[in-house]
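Comments concern the structure below.
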Amino acid sequence: MYICLCKGITDADIKQSIDKGSTSLRDLREHLGVASVCGACACAAKDLVKVHTENANNDLGEGLFYRLA
Ligand code: FES
C-alpha cells in the first residue's frame, strides 16, 4: 500500500527502513524522502513507525521470554 504518493513509497519500504534502523519520521525523511514534498503522509508514516516498532519489540520480548524460561 502506498503511504507517500509524492515519492511512491510503500508501507513495505518504510517497514524495511525501520528494520534497518530508522526510528522516527526524520529518519524516514532522510533515508526515503517520506513527507518531503507535500507532507500529507507524515501522520501515516509516524503511525507506521510506532506500530511496526511495537510489533518488533513484542516479538523480541516473547522470544527472549521463551529463551530464558
Ligand atoms: S504524500 Fe508524502 S510527501 Fe506528499
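Fully extending the segment from A12 to K46, taken as 0.36 nm per residue of separation minus the present Cα-Cα distance, adds 10.8 nm. Here the spin labels are modelled as points 7 Å beyond Cα on the Cα-Cβ line, and at N57 and C38 they lie 3.2 nm apart. When the alpha carbon coordinates of region 2-68 are projected onto the principal axes, the ranges are 47, 16, 16 Å, largest first.
A short reminder: the numbers here are calculations on the coordinates, not readings from a lab. All values reported here derive from a predicted model rather than from experimental measurement. Here the Cβ is made from the backbone with ideal geometry for all residues, glycine too, and neighbour counts use every protein chain on show.
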